[in-house]
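To start, the structure itself, in structure tokens.
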Amino acid sequence: RAESAREIAFRRALWREGVRGYRVHQPLPGRPDVTFPRLRLAVFLNGCFWHRCPVCAPQVPKANAEFWREKLATNVRRDVAVRTQLERLGWDVLTIWEHEIRPDPVPRARELAAHVRTMRAMAWDDALGLRGYRRRRLMPS
């Protein structure tokens, strides 16, 4: 599968935010667009039309409507199955929708960068025997 210009722009924004350690062609179910193997985090960059974004709710084309309904429903079923499969393998799954990175991927890349930094900090806490310490500090009471 070819990479879209939006995927490349999003990865460049991640790099500019200082995020390292991700992989692009990880052999996992569903072929996530970006993975963080040490964190076991899989990120999908989904197109709003093809994956049926719940926010955008794009219309089904009127021409050959039955074909499109079945095609798009199959995509959604596959997305759910892939997410379930990855979660059973111990991966966290994050979906970023096309409208979240269009026209500017930087804000969403910044959010993901902060999330990755938090996950890495918690992994270090666990490794150092401080299990849950930072989680208690980061989570509001």
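The values are calculated or read from the model by the stated rules, or taken from the named source; none is laboratory data. If you're wondering where the values come from, they're calculated on a predicted model, not measured in any experiment. Here the Cβ positions follow ideal geometry from the backbone for every residue, glycine too, while neighbour counts run over all protein chains shown. Areas reflect the complete protein model, heavy atoms only, side chains present, ligands, DNA and RNA absent. Shrake-Rupley method; radii C 1.70, N 1.55, O 1.52, S 1.80 Å.
Data overview
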quantity	calculated
Residues of segment 97-116 that turn out to be of a type outside the set (Lys, Arg) and open to solvent by 30 Å² or more (accessible area, probe 1.4 Å), as a count	11
So ASN46, is it in contact (Cβ under 8 Å) with a residue 24 or more places away in the chain and touching a Cys at 6+ places or on another chain (Cβ under 9 Å)	yes
Flag for ARG38 being under 24 Å from ARG120 (Cα atoms) and touching a residue at least 40 places away in the same chain (Cβ under 8 Å)	yes
Residue ranges of helices (runs of 4 or more DSSP H) in segment 94-141 with at least 2 members modelled with pLDDT of 95 or more and in contact with a Leu (Cβ under 8 Å, 6 or more places away or on another chain)	98-101, 106-127
Count of residues meeting criterion [in contact with a helix residue (DSSP H, G or I) (Cβ under 8 Å, 6 or more places away or on another chain), open to solvent by 50 Å² or more (accessible area, probe 1.4 Å) and either in a loop (DSSP other than H, G, I, E, B) or not aromatic (Phe, Trp, Tyr) (or both)] in segment 48-75	3
Condition check for ARG31: open to solvent by 40 Å² or more (accessible area, probe 1.4 Å) and farther than 15 Å from SER4 by Cβ	no
Subset of segment 1-21 [without any contact (Cβ under 8 Å) to a residue 60 or more places away in the chain and surrounded by 15 or more Cβ atoms within 10 Å (Cβ to Cβ)]	GLU7, ARG11
Number of the exception - GLN26 against (1) under 30 Å from ALA123 (Cα atoms); (2) in contact with a helix residue (DSSP H, G or I) (Cβ under 9 Å, 6 or more places away or on another chain); (3) at pLDDT below 95	(2)
Candidate set from segment 83-93 (those that are touching a residue at least 12 places away in the same chain (Cβ under 8 Å) and either of a type in the set (Ser, Thr, Tyr) or exposed (fewer than 15 other Cβ atoms within 10 Å of the Cβ) (or both)); member that is nearest to VAL43 (Cα to Cα)	ASP92
